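One structure is given here, and the rest of the page talks about it.
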Amino acid sequence: GMDAAFNKIAVLIAGPTASGKSAVAMRVAAEMNGVVINADAMQLYGDLDILTSRPSPADERAVPHRLYGVVPGEEAWSAGRWLEAARAEIEAAWSQGKVPVVTGGTGLYFKVLEDGLSPVPPIPAAVRARWRERLRAEGAPALHAELARLAAQEAARIEPRDSQRVVRALEVLEATGKPLAAHFAQARESSILKGVDVRRLALLPPREELYAVCDARFATMMARGALDEVKALLAKGLGADLPVMKAIGVKPLSDFLTGQLSEEQAVALAQRQTRNYAKRQMTWIRNQMADWPVVERRKQAVEALLDG
C-alpha cells in the first residue's frame, strides 16, 4: 500500500532517437525502484519492435516497462489518448510506492503531461466570424485596445499588432467567459505532476556522434530482421495514413521489397530519414523544452537524476 509519507517523485527523460535515453531510464529505474513508462509515439505500436528499437524482453524482465508495443498498428493514438494511459500508469506506480520514469522522444507527450491538453473548448463559428469581421473593419490595434478594457493582463502579454493572437484572445473571452491564461492555468492545475518532485532531463549527445549511432543502429536493425518485420506489417494491408505506416524505415524498406530501390539505396535513405528525425527532435527539445537541464552523456544523466 501507499505510505502516507511517500513523497511523489517523477522522472522525465527526453531525448532524440538513439541518444541512449532508454538505457538511462533503465539504470535510474533500477536504482530508484522505478517503472519505465513510454513517451515515444512509435514505440507504442506493437508491429515494429526492431525498427522502433523497443526495449528487449531481457530489458523488460530487468525492470518493469509500460506502454511499449501495446497499440495495434490499425489504431491511431493521439497525444490525448497517450496522456490518459500515461496518467493511469503514473498513478499505478505511485500507488505501489514506485517511481515513474517517463522516457521517449515525442516532445509533445511531455508537453501535455506537464501542461495538460489544450484546455479551450471549441469556439462557435459565429463568434469566430464576428471577430474576424471586426478585425478587417477596425484593425488589430483597435481590437487590442478593446481587449485591454476587458482583460488587462491578457492584453499586456500580446503585441497590439499580433492580429492572430488578439482575435484568439477576444473570441475565447467571449465564448468561454474567461481569458486564455485562466484556461491554461486550470489545465496546469489539473496536471498529474502538480506538487510532485519532478526531475527533468534532456539527453542531447553531440550531433555528429548521434548521427553515427543512428547510422550504425539501422545497419544492426537490418541484421536483426527489420525487413521481415516490414513484410509482416505490409501483409496487414493497413492504410498509408496510419502512424505505424509512417515509422522511419517502413517506406524505404517497402520500396526495396517492391523493387523500386536497391537494398543499399533503401538503407541509405532510411539512415538519412533517421538523422533528419533526430535533428527535428533536438530542435523541438531546445525550443519547446528550453527550461529542461541538458546533458550530453548517459553517465552524466544517470548521476544527475540519482542525485536529484
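Of note:
- The sum of -39500 (n - 2.57) across all DSSP H runs of n ≥ 4, divided by the residue count of the chain, sets its helix-only mean residue ellipticity at 222 nm to -17000 deg cm²/dmol.
- Correct choice for Rg/Rh (Cα atoms, Kirkwood Rh) that was computed from the model, options (1) 1.00; (2) 1.04; (3) 1.18: (2)
- Note that the stretch 127-142 has calculated 3J(HN,Hα) couplings of 5, 4, 4, 5, 5, 5, 5, 5, 4, 4, 6, 10, x, 5, x, 5 Hz, one per residue in order, obtained from phi through the Karplus relation 6.51 cos²θ - 1.76 cosθ + 1.60 (θ = phi - 60°); glycine and proline are x.
- On full extension, the segment bounded by Asp197 and Ala152 gains 12.8 nm, given 0.36 nm per residue less the C-alpha separation.
- Long-range HN-HN contacts of Val198 with modeled amide H, under 5 Å: Ala10
- The heavy atoms of Trp292 present about 10 square angstrom of accessible area, all protein chains included, probe 1.4 Å.
- With Cα atoms, 0 to 90° folded angle of helix 298-307 axis to the chain main axis: 60 degrees
- Under 5 Å between amide hydrogens, built in the peptide plane, is the criterion, and for Val99 it picks out Gly34, Val35 among residues at least 5 positions away or on other chains.
- Under 5 Å, built H, 5+ apart or other chain: amide partners of Gly104: Ile13, Gly15, Ala39
- In this label model, Leu117 and Asn7 are separated by 3.3 nm, measuring between points 7 Å along each Cα→Cβ vector.
- Think of a 1.4 Å ball rolled over the protein heavy atoms: the stretch 52-190 then has 51 Å² of accessible area per residue.
- Close Lys-Lys pairs in the stretch 162-285, where close means Cα under 21 Å and separation is 8 or more or interchain: 6
The values are calculated or read from the model by the stated rules, or taken from the named source; none is laboratory data. None of these values were measured; they are calculated from a predicted model. Cβ atoms come from the backbone with ideal geometry, glycine included; neighbour counts cover every protein chain shown. All accessible areas refer to the heavy atoms of the entire protein, side chains included, with ligands and DNA or RNA removed. Shrake-Rupley method; radii C 1.70, N 1.55, O 1.52, S 1.80 Å.
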